[in-house]
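I have placed the structure first, in the form of structure tokens, so that the comments after it can refer back to it.
Bear in mind that the values in this text are calculations on the coordinates, not laboratory data. Only a predicted model underlies this, so the values are computations on that prediction, with no experimental measurement involved. Cβ atoms come from the backbone with ideal geometry, glycine included; neighbour counts cover every protein chain shown.
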Amino acid sequence: MEEVQKKRILSGIQPSGDLTLGSYLGAIKNWSALADEYDCYYMLADMHTITVRQVPADLRRRTLTQLAAYIACGLDPEKNVLFIQSHVPAHAQLGWVLDCYTMFGELSRMTQFKDKSAKNADNINAGLFTYPALMAADILLYQADLVPVGEDQKQHVEICRDIANRFNGIYGEVFKMPEPYIPKMGARVMSLTSPENKMSKSDKDQNGCVYLLEKPEDIMRKFKKAVTDSEACVRFAPQEKPGVSNLMQIYAVCTGKGIAEIEREFDGRGYGDFKMAVGEAVVETLRPIREETERILADKAYLEGVYRAGAEHASYVANKTLRKVYKKVGFVER
Ligand code: TRP
């Protein structure tokens, strides 16, 4: 018996760097609960990652580590389809077709292309330029209803909708129109050293960013160095006291305590104590994730089983859409 169709979510994550505490508390932590309500597909977007030059061994290691980490963070492969983009050839295949329905002018307006080509002036390759068409293929292949993305990717979901509209306008309703989905806000975690900026793996100051799989002693060192202010009072005031407020927020999410409770807990105590407590709370939050990630990574057969099953499931869905598209544009059926 078929249940009522759940809405489908698809999201892609580039294995271009190590996962951070910010991405965990802000996003990943909340994903496992989505599986009850939605039909969820998560893809490691390794094909997107090579638009910027990569060290092959690092890309391979990060792809597998991230897959293991997602599972360790609670994304159950029995309830979510977890796969690696390059394992599903339909992405490249539909990507090419959509390249032919995407305009040079609209790609030129993408802010991420402008930013990335400024940062990689010696490697402004065609893939970097047509990347939004590949991302549109990622989404449209699965007839996704919702695409969870951060602010920086909204423009790419917009162009995906434009491409889908254009295609549907010519050939009829081939693609479902996806919507960007801004998930219920997780915590917005700021850099420990420049708390006016979001915690980011591309932050030049490595002390500002805590990684998901970092060793406890390194985490503690970063929290001890975290920027505060001269008031010496643990009080929540994001504008006036961005450093302390950020630490309070991190402590709140890791311990489940409320802001007022935290203010009382540290009333009359110095920042030294407070920073240690936040560091320890983070260490304890991340410990099981790190241990579980390591355990999964060591179990090669299991991990292989997960990505193979994911690729098989994803291919089945993706190929259905691809066949329809091939037929519509006039390719001869094999
Ligand atoms: N472009 C996204 C990023 O850089 C990753 C991505 C690739 C993606 N394909 C996707 C996100 C499809 C959502 C849907 O973060």
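Here's how it looks for Ser191: its modeled amide H is under 5 Å from those of Asn197, Lys198, Met199, which are all 5 or more places away or on a different chain. From the Cα gyration tensor of the range 262-334, with a ≥ b ≥ c the square roots of its eigenvalues, which class applies: rounded if a/c is under 1.5, or else prolate if a/b is larger than b/c, or else oblate? Taking the square roots of the gyration eigenvalues as a ≥ b ≥ c, the range 262-334 is oblate. Taking amide H positions as modeled 1.01 Å from N, with prolines and chain starts lacking one, the residues under 5 Å from Tyr211 and 5 or more places away or on another chain are Leu21. Can you find, among Ala260, Ala237, Ser194, the residue sitting farthest towards the positive end of the charge dipole of the range 171-276, where Lys and Arg contribute +1 and Asp and Glu -1 at Cβ? Result: Ser194.
How big is the charge dipole of the chain about its Cα centre, in debye rounded to the nearest 20, if each Lys and Arg gets +1 on its Cβ and each Asp and Glu gets -1 on its Cβ?
740 debye
Applying Stokes-Einstein at 25 °C and 0.890 mPa s to the Kirkwood radius of the range 6-46, computed over alpha-carbon pairs, gives a translational diffusion coefficient of 219 µm² s⁻¹.
Within a straight-line Cα-Cα reach of under 16 Å, Lys176 can be paired with the following lysines, leaving aside sequence neighbours fewer than 8 residues apart in one chain: Lys6, Lys7, Lys320, Lys324, Lys328. Based on the alpha-carbon gyration tensor of the chain and its eigenvalue square roots a ≥ b ≥ c, which shape applies: rounded if a/c is under 1.5, prolate if not and a/b is larger than b/c, or oblate? Because a/c hits 1.5 or more and a/b exceeds b/c, the chain counts as prolate. Ordering Trp96, Phe83, Ser117 by the projection of their Cα atoms onto the charge dipole of the range 58-141, which places +1 on the Cβ of Lys and Arg and -1 on the Cβ of Asp and Glu, puts Ser117 at the extreme positive end. Restricting the calculation to alpha carbons of the range 165-288 gives Rg and Dmax of 19.3, 69 angstrom. Working note: Debye formula, equal point scatterers on the alpha-carbon atoms of the range 55-118, no solvent; log10 I(q)/I(0) at q = 0.16 Å⁻¹ is -0.87.
Simple point charges give the picture: +1 on the Cβ of Lys and Arg, -1 on the Cβ of Asp and Glu, and for the range 117-256 a dipole about the Cα centre of about 320 debye. The angle between the Cα long axis of helix 154-171 and the main principal axis of the chain comes to about 10°, on a 0 to 90 degree scale. For the range 78-200, the gyration tensor built on C-alpha atoms gives an oblate shape. Its axis ratio a/c (a ≥ b ≥ c) is at least 1.5, and a/b is not larger than b/c.
Sites listed here are GluC sites (Glu not before Pro) in the range 216-269 whose DSSP assignment is loop and whose Cβ has at most 11 other Cβ atoms within 10 Å: Glu240.
Using the alpha carbons alone, the radius of gyration of the range 132-181 stands to its Kirkwood radius in an Rg to Rh ratio of 0.94. Between the Cα long axis of helix 242-255 and the first principal axis of the chain there is an angle of about 80°, rounded to the nearest 10. Axis angle, to the nearest 10 degrees, between helix 126-140 and the longest C-alpha principal axis of the chain: 80 degrees. Counting each DSSP H run of 4 or more residues in the chain as -39500 (n - 2.57), what helix-only mean residue ellipticity at 222 nm follows after dividing by all residues, to the nearest 500 deg cm²/dmol? Mean residue ellipticity at 222 nm (helix-derived): -16500 deg cm²/dmol. Counted by Cβ distance under 13 Å from Phe331, the other residues give a net charge of +4, where Lys and Arg count +1 and Asp and Glu count -1.
With the highest mean first, a sort of the peptides 94-105, 243-254, 31-42 on other beta-carbon atoms found within 10 angstrom per residue produces 243-254, 31-42, 94-105. The antiparallel fraction among DSSP beta bridges confined to the chain stands at about 10%.
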